[in-house]
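Step one of this worksheet: look at the structure below.
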Amino acid sequence: MSRTIIVGGGPSGMSAAVEIARAGGDAIIIDSNPRLGGQYWRHAPVAKFSHDGERFFALQEEINRHPGIEVRAGTQVWRASYQEGVATVWLNDGTSLTSETLLVATGAYDRSLPFPGWDLPGSMTAGGAQAILKASGALLGRAVFVAGTGPFLLPVAASLVEAGVKVLGVLEANRVNGWVNHLGAIDLRKMKDAARYFKILSAAKVPIRMGYAIIEARGDGRIEEVVIAKVDRNFTVKPGTVEVHKCDAIATGWGFTPDLTIAHSLGVSTDVHPIDRSVVVHVDAFQESSQHGIFAAGESTGVGGVDLALTEGRVAGIAIAVQRGLISTVEAKNRSVGLASERTKIRKFADALLSVYKIREGWRSWLNPETILCRCEEVTFKQVRNVVHDLGASDVRTAKLLSRCGMGMCQGRVCGRMVADVIGAEIGTPATDDELRGIHNRPIANPISLQTLADQGQ
Amino acid sequence: MKTADVVVIGAGVVGSSCALIMAEAGLKVIVVDRGPIAGGTTGAGEGNIMVSDKEIVPEIELAVRSRNAWFEIADRIGNNFELQAKGGIALSRTDAGMAGLRKLASHQNAHGIETIEVDGARLRELEPHMNPDIETAIHYPGDGQCQPMLSAAYFLRTVRHLKGEVWQRTEVLGFSKDKDGSITGVRTSKEEISTRYVVNATGTWAGDIARLAGSELSIMPRRGFILVTTPAPKLIHHKVYDADYVANVASDSPELQSSAVVEGTESGTILIGASRERIGFDSRINMAALERLAKQAISVFPVLSKLELLRVYRGFRPYSPDHLPVIGEDAKVKGLFHCAGHEGAGIGTAPGSGELLTAMILGKPTFMDATPFLPKRFQGVA
């Protein structure tokens, strides 16, 4: 059997690789980033973490130590297929790999919501802001608002403060009581993390405002001020609560969307998550998908954070080792002690978070006709409404194709889900499960040079 | 029960052209499609409005009239569908190939298609990025392009404004006939429509509708891939293709065939078509087809080697046994009119096909002799 292909070198991919190596197996990790670590452990060439670096260094050290694990960083998969039990991935360096076992560890990307001015320079996603800080330490502005929903806003705001940025406020659109308790419910580590973020933010006198949102950004050529408002439980603006603040950048985050592009190309069965309606890979207790030999771990099976990703990665790595005949099922049991219950516990907690930090429908009332929905193709809300109400588009795909919304460079990664929700609302029926699945249908997963493509056949 | 003068089955570019021209002629039209508008082959095409690749006289006549009809429609309802008279360039790098192109051009010229043989210097003016080893070609100013989905959508919008109706997600379940076997109605998943005329504009699925009506029609799918690049500044100004393309379209061989047809679009992406395979409705990506298209396109425009592939369209082009469209009344079922089997030329020849059918239904003279297109040629009736 050929070495296992691991697509994604974040926490789940790394922990799976380590388990495979421990079982005496070999694997190749492919990641588009220049270094291992994924979004969570994204770092500059010389790794330095403000916290939780030990786990990264331990995994990295073990991966480096095993000659059977190759890391091909800075490489993109542009196409994947699965036929007769064999997975093939084509890489943008012109090569391709095949294997009977493959782990989808492709993580998630930021979920964005548009609002007037969200396309101005100075507006970033929370994940994007943190990625820049982690990768280069560059400052994205001097005076910044962090807004959106979810526990991820806290570490982003804290790292901005630590980088010397003036954080004018953290705006959490949902009203969450006992934020710390919530985070603490999982384990001591989370409790410590949350306490640390709060300490940093309170020392910097950063106000944390519950039930507030940025509903507009304004400026001449880049962000100069934001309009913030109190929102009700449905995210609709409460009259008389509008405030205008000067600032030069904003970081907004609305949770994450699992990246199912590769999984979709491999033809695995997917579920639509009952809480946030994200499309996730359907896996069994061993993290194996509906396709024999194709495993998935981490955010691609449902947004759950680093601890869940590490646990699922281990389960998948051990199961792959068994499937490849590297270890017995008895041995696998010994190596898996506690993993299943750990996974259940964290998953439960992750789902609780998803419920608390849900995106509520009222956000659409922040839009005005000229608000850009698709930044790649510069498609406005008005244009999307037009293809539905004037041209008769009656489903997400047709509305997309007629308006070009989601047809640009990012292939709908930024706007796909949000546009599906907008179109569903305009049509009067929410996007169906299959329409949500369709968002991830990108046979060309990443752009590939035509020359590289032309040379493939040689 | 609803009543209509004509029920058009199929909301692609062919069905919507028929519906538009019939509605403009004063007929009450209901368009029925089991899916969304432009959800089939129309949504996977380049938007070719080509006169340059037509060889057989009836095809040339249909293409020339259709090309002009496209621009007349744009004048009437507004050009909201990126229609442009960009012109085409047909090239070959072999003497034999060029001889073939010249012969075709003079034949086409005799039947109303403008053709201009251009030398290397002129070619560089028309297409500055073309490979310098290409020294001569035929320029067809008449070739055009549109955005096919938008075209169908705007045609149907006009149909609605003319009191017509468009029923999406409505399946045709069967047909009602009188004792002579003539169509009297269409049973749909929504409700029955009383009508004397039905237009079967369901492309690759036209055979199914014919069977449902108690007749038969052989329309088969031919798979085609089109590569879409990342957006770029305007590099390519015409529809540029090599002569092998024409040979391929007329070929009966099932295996993969391709030759580059390269062109820019208003949105900045460059389209590279078109492979052709007769392998049924298999929607998997054929790597060999993609590689070959990329290679051929780069050989014509070396600058393309610097661009990236962003998306791939795949579509199933409907073709008939003799590669001519099927336009006209069914030989067995009165009132059933077919308009299908346009293969890769469906976008371009849709308006002319709609005009032919409208004239047939209204009993008026057609702009050309439509005998070669009549369905009876496949229906065992002399």
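The values are calculated or read from the model by the stated rules, or taken from the named source; none is laboratory data. From a predicted model like this one, the values you see are computed outputs, not experimental measurements. Don't worry about glycine lacking a Cβ; one is built from the backbone with ideal geometry, like all the others, and counts go over all protein chains shown. Keep in mind that these areas ignore ligands, DNA and RNA; they rest on the heavy atoms of the full protein, side chains included. Shrake-Rupley method; radii C 1.70, N 1.55, O 1.52, S 1.80 Å.
Looking at the structure I just gave you, is B:Ser215 assigned by TED's automatic domain parsing to the domain that holds B:His338, surrounded by fewer than 22 Cβ atoms within 10 Å (Cβ to Cβ) and modelled with pLDDT of 90 or more? Working first, answer last.
Values: assigned by TED's automatic domain parsing to the domain that holds B:His338: yes; surrounded by fewer than 22 Cβ atoms within 10 Å (Cβ to Cβ): yes; modelled with pLDDT of 90 or more: yes.
Yes: the conditions hold for B:Ser215.
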List the number of the failed condition for A:Ala454; all other conditions in (1) surrounded by 21 or more Cβ atoms within 10 Å (Cβ to Cβ); (2) more than 12 Å from every other protein chain (Cβ to nearest Cβ); (3) free of Cβ contacts under 8 Å to residues at least 60 places away in the same chain hold.
(2)
All positions within segment B:335-372 that are within 18 Å of B:Ile209 (Cα to Cα) and in contact with a strand residue (DSSP E or B) (Cβ under 6 Å, 6 or more places away or on another chain):
B:Gly335, B:Leu336, B:Phe337, B:His338, B:Cys339, B:Ala340, B:Gly341, B:Glu343, B:Leu357
Mind checking which residues of segment A:71-95 are touching a Phe, Trp or Tyr at 6+ places or on another chain (Cβ under 8 Å) and outside any strand (DSSP E or B)?
A:Asn92
Selected residue (criterion: nearest to the other protein chains (Cβ to nearest Cβ)) from residues of segment B:297-320 that are open to solvent by 40 Å² or more (accessible area, probe 1.4 Å) and modelled with pLDDT of 90 or more:
B:Glu308
Given the condition open to solvent by 10 Å² or more (accessible area, probe 1.4 Å), among the acidic types (Asp, Glu) and not assigned by TED's automatic domain parsing to the domain that holds B:Glu263, answer yes or no: does some residue in segment B:81-99 qualify?
yes
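Quick check on this structure: which one of B:Glu117, B:Glu72 is farther than 23 Å from B:Leu304 by Cβ and touching a His at 6+ places or on another chain (Cβ under 8 Å)?
Within the list B:Glu117, B:Glu72, the selection yields B:Glu117.
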Would you mind stating whether B:Ile327 is in a strand (DSSP E or B), touching a helix residue (DSSP H, G or I) at 6+ places or on another chain (Cβ under 8 Å), surrounded by 24 or more Cβ atoms within 10 Å (Cβ to Cβ) and more than 14 Å from chain A (Cβ to nearest Cβ)?
yes
Quick check on segment A:12-32: of everything there that is among the polar types (S, T, N, Q) and surrounded by 20 or more Cβ atoms within 10 Å (Cβ to Cβ), which residue is farthest from A:Ile262 (Cα to Cα)?
A:Ser15
Do the conditions hold for A:Ile448, that is, is it open to solvent by less than 20 Å² (accessible area, probe 1.4 Å) and at the interface with chain B (Cβ under 10 Å from one of its Cβ atoms)?
yes
Segment B:1-57: number of residues that are over 12 Å from the mean Cα position of the chain (by Cα), at positive phi and within 14 Å of another protein chain (Cβ to nearest Cβ):
1
By residue number, the members of segment B:338-368 that are open to solvent by 10 Å² or more (accessible area, probe 1.4 Å), hydrophobic (A, V, I, L, M, F, W, C) and in contact (Cβ under 8 Å) with a residue 12 or more places away in the chain are B:Ala345, B:Ile347, B:Met360, B:Ile361, B:Leu362, B:Phe367, B:Met368
Hits in segment A:394-407 - residues which are more than 7 Å from chain B (Cβ to nearest Cβ), crowded, with 23+ Cβ neighbours inside 10 Å and not basic (Lys, Arg):
A:Val396, A:Ala399, A:Ser403, A:Cys405, A:Gly406
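Test B:Arg292 against the criterion of being within 11 Å of chain A (Cβ to nearest Cβ) and either at pLDDT below 90 or part of a strand (DSSP E or B) (or both), and give yes or no.
On the way: within 11 Å of chain A (Cβ to nearest Cβ): yes; either at pLDDT below 90 or part of a strand (DSSP E or B) (or both): yes.
It is true that B:Arg292 is within 11 Å of chain A (Cβ to nearest Cβ) and either at pLDDT below 90 or part of a strand (DSSP E or B) (or both).
Anything in segment B:169-194 that is among the polar types (S, T, N, Q) and either surrounded by fewer than 20 Cβ atoms within 10 Å (Cβ to Cβ) or more than 14 Å from every other protein chain (Cβ to nearest Cβ) (or both)? List them, or say none. Walk me through it before giving the result.
Quick first cut of segment B:169-194, residues among the polar types (S, T, N, Q) only: B:170, B:176, B:182, B:184, B:188-189, B:194.
B:Ser176, B:Ser182, B:Thr184, B:Thr188, B:Ser189, B:Ser194 - these are the residues of segment B:169-194 that are among the polar types (S, T, N, Q) and either surrounded by fewer than 20 Cβ atoms within 10 Å (Cβ to Cβ) or more than 14 Å from every other protein chain (Cβ to nearest Cβ) (or both).
Residue by residue, here is whether (1) of a type in the set (Asp, Glu); (2) more than 20 Å from A:Leu367 (Cβ to Cβ) holds:
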| site | (1), (2) |
| --- | --- |
| A:Lys230 | no, no |
| A:Glu243 | yes, no |
| A:Gly253 | no, no |
| A:Ile262 | no, yes |
| A:Gly267 | no, yes |
| A:Asp284 | yes, yes |
| A:Ser289 | no, yes |
| A:Ile294 | no, yes |
Kindly list, by first and then second residue, each pair from a residue in segment A:45-73 that is under 22 Å from A:Leu102 (Cβ atoms) to a residue that is open to solvent by 50 Å² or more (accessible area, probe 1.4 Å) and not in a helix (DSSP H, G or I), limited to pairs with Cβ atoms under 6 Å and residues at least 6 apart or on different chains.
A:Gly68/A:Asp26; A:Ala73/A:Pro34; A:Ala73/A:Arg35
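Given A:Gly338, A:Gly416, A:Gly412, which one is under 28 Å from A:Ala229 (Cβ atoms), open to solvent by less than 60 Å² (accessible area, probe 1.4 Å) and either out of contact with any Phe, Trp or Tyr (no Cβ under 8 Å at 6 or more places or on another chain) or modelled with pLDDT of 95 or more (or both)? Reasoning before the result, please.
On the way: A:Gly338 fails: under 28 Å from A:Ala229 (Cβ atoms); A:Gly412 fails: under 28 Å from A:Ala229 (Cβ atoms).
Answer to the selection: A:Gly416.
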If we only count strands (runs of 3 or more DSSP E) wholly inside segment B:1-112, which ones have 1 or more residues that are at pLDDT below 95?
B:88-91
Would you be able to say whether some residue in segment A:415-431 is away from chain B (no Cβ under 14 Å), more than 30 Å from B:Thr42 (Cβ to Cβ) and free of Cβ contacts under 8 Å to residues at least 24 places away in the same chain?
no
Can you give me the number of residues within segment A:357-366 that are part of a helix (DSSP H, G or I) and open to solvent by less than 40 Å² (accessible area, probe 1.4 Å)?
3
